[in-house]
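Student: Below are the C-alpha cells for one structure; questions will follow.
The values are calculated or read from the model by the stated rules, or taken from the named source; none is laboratory data. Since the structure is predicted, the reported quantities are computational estimates derived from the model, not experimental observations. Please note: Cβ atoms are built from the backbone with ideal geometry, for glycine as well, and neighbour counts cover all protein chains shown.
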Amino acid sequence: MIAHHVLFWLKADTSADQKTAFRKGLQLLEQIEVIKTFHIGTPAPIERAVVDTTYTFSLVLFFEDLAAHDAYQVHEIHKAFLDEFRVLFEKVIIYDAE
C-alpha cells in the first residue's frame, strides 16, 4: 500500500472562485481508477504547536502498490489537473509512504 499525501499552498492572491475551481479539479482526480482511497481536506481547527495549518488544501490518496502510484502520475486526468492549476501553486509538498 502506498499513501500519497500532497499539501498545496495556493498563492495569496488566489480568489475564492479560483479556490472553488481548484477543489473541483481535485475532485476530478477521484475518477482515476487506480486510487483506492481518496480524501480532500483543508486545515482542521486544531491549535497545537506541532500541527501545521498554513497549507490551503490537502489531498490524501492510497494506492495498492507502486505500479498504481506510477500509473496515477502519468494519467491524463492528473496531467490535465497540473496543466490547469499549477499556476496557482505557491508551494507543494508531497509525502509518499509505504
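Student: Taking the condition of being at pLDDT 95 or above, more than 17 Å from V6 (Cα to Cα) and assigned to a loop (DSSP other than H, G, I, E, B), how many residues in region 35-84 meet it?
Tutor: Total satisfying the criteria: 2.
Student: Which residues, taken from region 81-98, are in contact (Cβ under 8 Å) with a residue 12 or more places away in the chain and farther than 16 Å from K36 by Cβ? Walk me through how you get there before you give the answer.
Tutor: Of all residues in region 81-98, those in contact (Cβ under 8 Å) with a residue 12 or more places away in the chain come to 81, 84-85, 88-98.
Listed by number, the residues that qualify are F81, E84, F85, L88, F89, E90, K91, V92, I93, I94, Y95.
Student: When you scan region 58-68, do you find a residue that is touching a Gly at 6+ places or on another chain (Cβ under 7 Å), within 15 Å of Y95 (Cβ to Cβ) and either hydrophobic (A, V, I, L, M, F, W, C) or touching a residue at least 12 places away in the same chain (Cβ under 8 Å) (or both), even just one?
Tutor: yes
Student: Inspect region 69-79 for any residue being surrounded by 11 or more Cβ atoms within 10 Å (Cβ to Cβ), of a type in the set (F, W, Y), in contact (Cβ under 8 Å) with a residue 24 or more places away in the chain and closer than 18 Å to A97 by Cβ and give the result as yes or no.
Tutor: So far as region 69-79 goes, yes, one or more of its residues are surrounded by 11 or more Cβ atoms within 10 Å (Cβ to Cβ), of a type in the set (F, W, Y), in contact (Cβ under 8 Å) with a residue 24 or more places away in the chain and closer than 18 Å to A97 by Cβ.
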